[in-house]
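Trainee: First, the structure itself, so that you have it in front of you.
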Amino acid sequence: MKNSKGIIYTLIGIVVLVGIVFGIHTLTGNASNSKSATITVGSQGSDYDIWNHIADSKQAKKLGLKIKVKQITDGVQLNNATAQGSIDVNAFQSYSYLQAYNQEHQKAQLAALGTTYLEPLGIYSDKYKKVNELPDGATIAIANNPANTARGLLLLQSAGLIKLDKNFGALGNTSDIASNPKHLKFKEIDDTTGPRVLHNLDAVLISNTVALEGHLNVLKDSIFHEKIDVSTRSNINVLATAKKNRHNKDYQKLVKLYHEPAIQKYIKDKYDGTKVEVQKPLSYLK
């Protein structure tokens, strides 16, 4: 009888011990699973400042996201770093810029995770108040990278200054101008230098990120700028990652995080409405 009781007590002890061990394992396992890996977001300019704010926000913590923001000022280098994996997600480029990059880098493909905003590209001038005041033979500075060159030429066409070939594409350039009635001359520049060369030329095309850094507001200071409509949808900014990571759920949470109301209020207030929120499915861009 005593032996049988001893056996029962021993079995109970084993069960309790196994339960304790299993419980500890489960708790530690859950704890480790709850600790999300840090996501490195690469950015530049005003977007870099925005993502530093987002990384420290209550909204990021609520979504369980740990974000480290790294600044890389050259767009191609930033995309290369993303394709190679040293940057997980980047936040700086339009969809058309991403497409142009993919066309030129067949072995380093990126994919969009979601839309963020549209910043109207503007035509700026220190000499003239309206585009129709630009004289015959005026010199206009445009970006020297393929995506922004094409975007700038499309804007000049919208302003009625030039006409482009019907087959003008994402990598189009000045050789694709079909009509140039004002005999405009084009000077290609590093697009980050736009505000600094403004006083030297008749007009300069400047992206809003660069314009903001030069204390310019596209809605108030440009003589012409992009309108928010279907024709500019390829210019909507996106979050991008290496193509193989496009289904990563944590990376996709960054899109939701960006569109949180408190985050959007901060962006609108800080940038005077020049970063127009766009919350659309990726199919809208195609």
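The values are calculated or read from the model by the stated rules, or taken from the named source; none is laboratory data. Note that the structure is a prediction, hence the values are computed from the model and not measured. A quick note on method: Cβ atoms are made from the backbone with ideal geometry, for glycine too, and the neighbour counts reach across all protein chains shown. When the accessible area is computed, the model is the full protein with side chains, heavy atoms only, and any ligands, DNA or RNA have been set aside. Shrake-Rupley method; radii C 1.70, N 1.55, O 1.52, S 1.80 Å.
Trainee: May I ask you to give the solvent-accessible area per residue for the chain, in square angstrom, as obtained with a 1.4 angstrom probe? The partial results should precede the final answer.
Mentor: Values: 15330 Å² over 286 residues.
So the chain comes to 54 Å² accessible per residue, rounded to a whole number.
Trainee: Taking all protein chains as present, what is the carbon and sulfur share of the accessible area of the stretch 47-103, in % to the nearest whole number, probe 1.4 Å? Intermediate results must be reported in sequence, preceding the final value.
Mentor: Working: 1090 of 2570 Å².
About 42 percent, which is the carbon plus sulfur part of the accessible surface.
Trainee: Same structure again: Taking a spot 7 Å from the Cα of His105 along the direction of its beta carbon, which residues of the stretch 232-275 have an amide N less than 20 Å from it?
Mentor: 235-248, 251-252
Trainee: I'd like the accessible area for Lys61, computed on protein heavy atoms only with a 1.4 Å probe and all protein chains in place. Round to 10 Å², please.
Mentor: Approximately 150 Å² of Lys61 is accessible to the 1.4 Å probe.
Trainee: I'd like the carbon and sulfur percentage of the solvent accessible area for the stretch 122-225, probe radius 1.4 Å, heavy atoms only, ligands and nucleic acids excluded.
Mentor: Carbon plus sulfur share of accessible area: 47 percent.
Trainee: In nanometres, what is the gap between the two model label sites at His199 and Lys185, each 7 Å from Cα along Cα-to-Cβ?
Mentor: Reported label-point gap for His199 and Lys185 is 2.1 nm.
Trainee: Also, quick follow-up: Once you list every other residue whose beta carbon is under 13 Å from the beta carbon of Ala81, what net charge do they have if Lys and Arg are +1 and Asp and Glu are -1? The partial results should precede the final answer.
Mentor: Values: positive: Lys70; negative: Asp74, Asp88.
Taking every other residue near Ala81 into account, the sum is -1.
Trainee: If you don't mind, another one. Taking the 0 to 90 degree range and rounding to the nearest ten, how far is the long axis of helix 261-270 tilted relative to the main principal axis of the chain, both from C-alpha atoms?
Mentor: Taking the Cα atoms of the chain, the angle to 261-270 is about 30 degrees.
Trainee: Note down the relative contact order for the chain as a percent, whole number, built from C-alpha pairs under 8 angstrom at least six residues apart.
Mentor: Reported relative contact order: 26 percent.
Trainee: Sort the stretch 64-121 into rounded, prolate or oblate with this rule: let a ≥ b ≥ c be the square roots of the eigenvalues of the Cα gyration tensor; rounded if a/c is under 1.5, and if a/c is not under 1.5, prolate when a/b is larger than b/c, oblate otherwise.
Mentor: Oblate is the answer for the stretch 64-121, as a/c is 1.5 or above yet b/c matches or exceeds a/b.
Trainee: If you don't mind, there's one more thing I want to ask. Between the stretch 35-85 and the stretch 144-201, how far is it from one alpha carbon centroid to the other, in angstrom?
Mentor: Each part's Cα centre sits 31 Å from the other's.
Trainee: While we're here: Please arrange Asp176, Asp126, Asp272 by accessible surface area, largest first, computed with a 1.4 Å probe and ligands excluded.
Mentor: Final ranking, largest accessible area leading: Asp126, Asp272, Asp176.
Trainee: Does a label point 7 Å from the Cα of Lys129, set along Cα-to-beta-carbon, have any residues of the stretch 215-245 with amide nitrogen under 16 Å, and which are they?
Mentor: Residues 220-224 fall inside that zone.
Trainee: Tell me the angle of helix 95-104 to the major Cα principal axis of the chain, expressed in degrees between 0 and 90 and rounded to the nearest ten.
Mentor: 90 degrees
Trainee: Follow-up question, since we're still on this one. In terms of modelled amide H atoms, which long-range or inter-chain residues lie less than 5 Å from the amide H of Ile67?
Mentor: Ile39
Trainee: On to the next question. Given the Cα atoms of the chain, and with Rh set as the inverse mean 1/r over their pairs in the Kirkwood sense, what is Rg to Rh to two decimals?
Mentor: Working: Rg = 26.1 Å, Rh = 21.3 Å.
Taking Rg over the Kirkwood Rh, I get 1.22.
Trainee: In nm, to one decimal, how far is the Thr38 label point from the Lys265 one, both placed 7 Å along Cα→Cβ?
Mentor: So the two model labels end up 3.0 nm from each other.
Trainee: I've got another one for you. With each label point set 7 Å from Cα along the Cα-Cβ vector, what nm distance links Thr174 and Asn248?
Mentor: Between Thr174 and Asn248, the simple spin-label model gives 4.0 nm.
Trainee: Which residue, Phe186, Phe92, Phe224, has the most motion in a Gaussian network model of the chain that connects Cα atoms within less than 10 Å?
Mentor: Phe186
Trainee: Can you list the lysines whose alpha carbon sits under 16 Å from that of Lys275, skipping same-chain ones fewer than 8 residues off?
Mentor: The reachable lysines, counting only those whose Cα sits under 16 Å from Lys275, are Lys220, Lys227, Lys265.
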